[in-house]
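J.: One structure, as structure tokens, below. Some questions next.
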Amino acid sequence: MDGLNRLSMESIGSPLAVRVDFHEEIGSTQQRARELARENAPHGTLVISRVQRSGRGRLGRNWGSPPGGLWMSVVLRLDLAPHLTPRVTPAAAVGVAKALRGFGVEARIKWPNDLLVKERKVCGILAESGGRDPDRFVVLGIGINANVDPQDLGASSGHATTLRSELGRDVDLLELLGAVLRNLDFEIGRLRDFGAIMDDWRALDCTLGRRVRVRRFGEAVEGKALDLGPEGQLIIQTDSGPVEVFEGDVEHLRQEGL
Ligand code: BTN
């Protein structure tokens with residue numbers, strides 16, 4: 001066994017795991033965390049499952065979630081103006097990247113929120129807001145391909161890697177969870193100091209300086225990824241001038257022609 005159980009996880013003592021809802025198998029931790037948030041679950045309610053039958057990714061995609069991964073969603077109740085909640089995703093990307101690096105994995109951030117190792121995805125992040133004042137919440141979902149073989153990840157396996165493949169060994173999931181929660185709590189605690197988070201992002205980024213194609217709202221924007229704006233938007237130099245994108249699906253293009 002891997003030491004993951006409700007008590008061991010609550011014993012981590014993280015403000016992001018004050019209440020742990022642990023499952024052997026579930027449809028989606030994200031869905032469950034949303035339900036708990038609507039039932040007034042407090043900040044730091046952590047939903048985690050060994051297996052997800054219907055894990056959800058960004059843009060309605062499936063997220064393969066076999067045993068051995070870290071599939072988790074945390075309910076956050078932040079004292080932050082609603083227009084600043086999009087900061088949660090980049091903050092989480094920075095936090096999880098730091099945690100993975102602590103395990104010796106060279107994780108880099110692909111804008112907006114994928115963690116890659118040598119261009120293959122090792123972790124996905126999904127932040128979703130809900131509720132109304134004073135009961136607003138964010139559910140932060142994180143999926144880390146940990147002790148898994150890439151071919152077991154389903155549809156996305158061709159572009160995916162796992163900690164097992166990168167390290168040639170399995171990691172202790174409780175230790176990994178502890179590192180993720182510690183780093184997340186730190187980044188979430190400084191959301192108001194977003195410039196500092198962006199500085200760390202730049203040091204971890206693998207998108208800036210590259211040719212990219214970003215698909216959003218049915219159109220594609222292509223050019224060189226120049227920089228990040230103050231709220232984490234991607235600034236792309238296109239043939240017709242700079243364009244800012246706040247969301248979208250990024251493809252890193254071949255380096256030729258830069
Ligand atoms: C992405 O598309 O990159 C985001 C993937 C997010 C997956 C995680 S796994 C835990 C949580 N539960 C879900 O159903 N999705 C998120």
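The values are calculated or read from the model by the stated rules, or taken from the named source; none is laboratory data. All figures in this text were calculated on a predicted structure; none of them were measured in a lab. All Cβ positions, even for glycine, are placed from backbone atoms using ideal geometry, and neighbour counts span all protein chains on display. Ligands, DNA and RNA are excluded from the accessible area calculation, which covers all protein heavy atoms including side chains. Shrake-Rupley method; radii C 1.70, N 1.55, O 1.52, S 1.80 Å.
J.: Hey, does region 23-30 have a residue that's open to solvent by 60 Å² or more (accessible area, probe 1.4 Å) and more than 17 Å from Leu174 (Cβ to Cβ)?
T.: yes
J.: Still on this structure, I have one more. Only helices (runs of 4 or more DSSP H) wholly contained in region 161-215 count here; list those with 1 or more residues that are under 18 Å from the mean Cα position of the chain (by Cα) and surrounded by fewer than 21 Cβ atoms within 10 Å (Cβ to Cβ).
T.: Correct list: 173-188, 194-204.
J.: Filter region 57-92 for residues that are farther than 21 Å from Val180 by Cβ and within 12 Å of the ligand (Cβ to nearest atom); which is least open to solvent (accessible area, probe 1.4 Å)?
T.: Gly60
J.: So, one more: For region 60-83, give me the residue count where each residue is modelled with pLDDT under 95, in contact with a Lys or Arg (Cβ under 9 Å, 6 or more places away or on another chain) and not in a loop (DSSP other than H, G, I, E, B).
T.: Result for region 60-83: 2.
J.: Taking the condition within 17 Å of Leu70 (Cβ to Cβ) and either out of contact with any helix residue (DSSP H, G or I) (no Cβ under 8 Å at 6 or more places or on another chain) or away from the ligand (no atom under 12 Å from the Cβ) (or both), does Arg164 pass?
T.: Details: within 17 Å of Leu70 (Cβ to Cβ): yes; either out of contact with any helix residue (DSSP H, G or I) (no Cβ under 8 Å at 6 or more places or on another chain) or away from the ligand (no atom under 12 Å from the Cβ) (or both): yes.
In short, yes.
J.: Still on this structure, I have one more. Hey, can you tell me all the residues within region 39-56 that are open to solvent by 10 Å² or more (accessible area, probe 1.4 Å) and near the ligand (Cβ under 8 Å from one of its atoms)? Walk me through it before giving the result.
T.: As a first pass, look at region 39-56 and keep what is open to solvent by 10 Å² or more (accessible area, probe 1.4 Å): 39-40, 42-43, 50-54, 56.
Across region 39-56, the qualifying residues are Gln52, Ser54, Arg56.
J.: Restricting to region 112-160, name every residue that is part of a loop (DSSP other than H, G, I, E, B), free of Cβ contacts under 8 Å to residues at least 60 places away in the same chain and open to solvent by less than 40 Å² (accessible area, probe 1.4 Å). Explain how you work it out, then say what you get.
T.: So the first thing to find is which residues in region 112-160 are part of a loop (DSSP other than H, G, I, E, B), and the list is 112-113, 118-119, 131-136, 145-149.
Pick out the ones that are also free of Cβ contacts under 8 Å to residues at least 60 places away in the same chain and you get 113, 118, 132-134, 136, 149.
Listed by number, the list holds a single entry, Asn113.
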